[in-house]
Amino acid sequence: LRSAYGGCLRRLNDWDSAERVFESLVLDSGRQGMFSLQAWALQEWSMIAQYRGDFVRARSFIDQARRFAGRSNGEELIQTLRKCEAELLLQQHQGEAAYRLLITMPENAQVLKLLSEAKLLSADYSRCRAFAQAALRWSGDDDALRASLFTLIGRSYEVEGDTEQAWRYFSDALTLLERLDDLYSL
């Protein structure tokens, strides 16, 4: 329950309260030998550090979480932590490092999207678009994800100077975001 409560506080941007919840959860779950829960709490705590721009601290939490996840043998948790680490690397504009981490993960829409972002940062625009197109095939009815992927493709064309193709993909993204009534993303 505390983990859920901390997650709610994080999503409500009450980061100070959320940090206190996750700190106590990490300590208590560690004392009880509940390493999987301890790793989940550290992963959530790392997200707060990322939001605050404290990437060193966020990385430290992910590294700690990985050690505890290794004790619990939770493959899903380990994959989640790899994805979090890749997202952190992308926020720090380390596309190649993120790519090396992501390429070892099982393919799904989110991993392919992150691979596309990594290749955009690395100026490998054709592979950026190839990963985004592959993610589109996995995205199903997730219009928010589809809009994000159309934006990635558009950005890759924009950087290359192909404004006609870029506008086509940006228009598709805008249409989806308008349908979702997502003013922030618009």
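The values are calculated or read from the model by the stated rules, or taken from the named source; none is laboratory data. Please read these numbers as outputs of a predicted model, since none were measured by experiment. For neighbour counting, all protein chains shown are included, and Cβ atoms are generated from backbone atoms with ideal geometry for every residue, glycine included. Side chains included, ligands, DNA and RNA excluded: accessible areas come from the protein's heavy atoms. Shrake-Rupley method; radii C 1.70, N 1.55, O 1.52, S 1.80 Å.
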Query raised in the report: Given (1) aliphatic (A, V, I, L, M); (2) out of contact with any Leu (no Cβ under 6 Å at 6 or more places or on another chain); (3) modelled with pLDDT of 95 or more; (4) buried (at least 18 other Cβ atoms within 10 Å of the Cβ), where does Leu176 come up short, assuming only one miss?
Result: (3)
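Here's the yes/no breakdown for (1) in a loop (DSSP other than H, G, I, E, B); (2) under 26 Å from Leu90 (Cβ atoms):
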{"site": "Ala4", "(1), (2)": "no, no"}
{"site": "Phe22", "(1), (2)": "no, yes"}
{"site": "Gln38", "(1), (2)": "no, yes"}
{"site": "Gln43", "(1), (2)": "no, yes"}
{"site": "Ile48", "(1), (2)": "no, yes"}
{"site": "Gly53", "(1), (2)": "yes, yes"}
{"site": "Ser60", "(1), (2)": "no, yes"}
Query raised in the report: Can you tell me which of Leu77, Leu88, Leu101 is touching an Asp or Glu at 6+ places or on another chain (Cβ under 7 Å), closer than 25 Å to Ser60 by Cα and modelled with pLDDT under 95?
Result: Leu101
Query raised in the report: Would you pick out the residues in segment 89-137 that are farther than 15 Å from Leu149 by Cβ, among the acidic types (Asp, Glu) and surrounded by fewer than 17 Cβ atoms within 10 Å (Cβ to Cβ)?
Result: Glu96
Query raised in the report: What do you reckon, is Ala130 on the phi < 0 side of the Ramachandran plot, at pLDDT 95 or above and hydrophobic (A, V, I, L, M, F, W, C)?
Result: yes
Report task. Please enumerate the residues belonging to segment 143-173 that are surrounded by fewer than 16 Cβ atoms within 10 Å (Cβ to Cβ), under 28 Å from Met105 (Cβ atoms) and of a type outside the set (A, V, I, L, M, F, W, C). Result -> Glu160
Report summary line: Flagged pairs (Cβ under 8 angstrom, 6 or more apart or on separate chains; first in segment 80-108, without any contact (Cβ under 8 Å) to a residue 24 or more places away in the chain; second among the basic types (Lys, Arg) and in a helix (DSSP H, G or I)) are Tyr99/Lys119; Leu101/Arg82; Leu102/Arg82; Leu102/Lys83; Thr104/Arg82
Query raised in the report: Can you name the number of the only condition in (1) open to solvent by 50 Å² or more (accessible area, probe 1.4 Å); (2) under 14 Å from Leu1 (Cα atoms) that Leu27 fails?
Result: (2)
Report task. Note down all Cβ pairs under 6 Å where the first residue falls in segment 114-131 and is closer than 17 Å to Gln92 by Cβ, the second is of a type in the set (D, E, K, R), and they're at least six residues apart or on different chains. Result -> Lys119/Arg127; Ser122/Glu96
Report task. Return the total of residues in segment 142-159 being at pLDDT below 95 and within 13 Å of Arg127 (Cα to Cα). Result -> 0
